[in-house]
1. Using a 7 Å offset from Cα along Cα-Cβ at Ser27, what residues in the range 42-79 end up with backbone N under 14 Å from the label point?
2. For Asp186 and Ser41, FRET efficiency with R0 = 30 Å and r from the beta-carbon atoms, rounded to 0.05?
3. Under the Kirkwood approximation for Rh and a Cα-based Rg, what ratio Rg/Rh is obtained for the chain?
4. What FRET efficiency, computed as 1/(1 + (r/R0)^6) with R0 = 35 Å and r the Cβ-Cβ distance, is obtained for Arg201 and Asp333, rounded to the nearest 0.05?
5. Given the Cα-Cα distance of Tyr109 and Ala3 and 0.36 nm per residue of separation, how much length would full extension add, in nm?
6. Could you tell me the calculated FRET efficiency between Glu89 and Lys228, based on Cβ-Cβ distance and R0 = 41 angstrom, to the nearest 0.05?
7. Net charge around Ala160, counting only other residues with Cβ within less than 12 Å of its Cβ (Lys, Arg = +1; Asp, Glu = -1)?
8. Just for the chain, what percent of DSSP beta bridges are antiparallel, to the closest 5?
Amino acid sequence: MTAATDLDQLAFHLTRPGHGILAADESTGTIEKRFTACGISCSEETRRDYRTLLFTSPRFAEAIAGVILYEETLFQKAADGDPMVRVLERQSVVPGIKVDKGAKPLAGYPGETVTEGLDGLRERLARYHEAGARFTKWRAVIAIAEGLPTSGALEANAEALARYAALAQEQGFVPIVEPEVLMDGDHDIDRCAGVTERTLRAVFAALARHRVRLEAMILKPNMVVDGKKHPRRSPPETVAERTLGVLRRAVPAAVPAVAFLSGGQSPEEATRNLDAMNRLGPHPWRLSFSFARALQEDAMRAWAGRTENVVRAQAAFARRAACNALATQGRYDGADNTSAA
Ligand code: 13P
């Protein structure tokens, strides 16, 4: 094996114990949906104000090591004129960037998608690096339904993820590799386990084919859970055991860290499931978080787009971030026991 590189060290830094990643890279369409559900109007200004609120919440850097930004935010200035990237860098929080262009219908495969964005990616990456981004994210979306996913769709998505990851490393970034098996549907946890394992095996075969350095990447998978419409919600101990079983079989020990997405779990559910996994450690990889909804939900609702709610919203964010920081160490005991509560 070759000697440890700067990228290996960055992958470690982003997921060091007690820390995780905030995904704040919702596309304009996605954040508009979430804002609308909270009665917030969506404009460049409200997106900027909301994200500034998050990035300047108390003790932000104590739990958050990196933030995944949307392109708009990477080049945006906060209300006081400081670039958003500087707001993060001042706190030694590493800026990252979502680089995919979204999941599009896969021709010939009804009901399935492939993530696009490889054309011109090398040139975009160079611009993002110049703007201060140091890690990247690409999300592939895998749906569970009768007869789905097909091997064809799995292979197409794995290939795109691997080509992206190789390019990101070439351009000096730590790639976050995100194959998300969706929670949508009435399938049970066994089905989710089977599909997640198949997906991860395809992804790691493709990463090997494309010579991606496993030591310098972060895997961002779904947790293994029951489908949203399944009547059962398996408890954290079961989710932990099933998720770990799949990871052990499919994820090489050379990968330094797994930073989960929340995928539509409630904030408390996502924290408890992560905590349960870390209680069963040590594991070959560090287990951390890269949540969007499960970190932001309480804060966005508390803010509701009003200046007078900023402090309350920041406290809500700080509390949830602190809960997840404890969960990375298997030390979460319930929301009221965190120091930020
Ligand atoms: P959620 O945690 O809301 O699933 O989002 C994570 C993410 O970055 C999706 O790409």
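1. Residues 70-72 qualify, since their backbone N sits under 14 Å from the label point.
2. Numbers: r = 35 Å, r/R0 = 1.17.
Taking R0 as 30 Å, the efficiency between Ser41 and Asp186 is 0.30.
3. On the way: Rg = 18.7 Å, Rh = 20.0 Å.
Radius of gyration relative to Kirkwood radius: 0.94.
4. Details: r = 36 Å, r/R0 = 1.02.
Efficiency, from the Cβ-Cβ distance: 0.50.
5. Values: separation 106, 0.36 × 106 = 38.16 nm, distance 4.23 nm.
Value of the extension gain: 33.9 nm.
6. On the way: r = 38 Å, r/R0 = 0.92.
My answer for the efficiency is 0.60.
7. Details: positive: Lys101, Lys104, Arg139, Arg163; negative: Asp100, Glu116, Asp119, Glu155, Glu159, Glu178.
Cβ neighbours under 12 Å give a net charge of -2.
8. Numbers: 5 of 35 bridges.
Beta bridges within the chain, antiparallel portion: roughly 15 percent.
Laboratory data are not the source of any read-out in this text; all were calculated from the coordinates shown. Worth saying up front: this structure is predicted, and the values here are computed from it rather than measured. With ideal geometry, Cβ positions are generated from the backbone for all residues, glycine too; neighbour counts draw on all protein chains shown.
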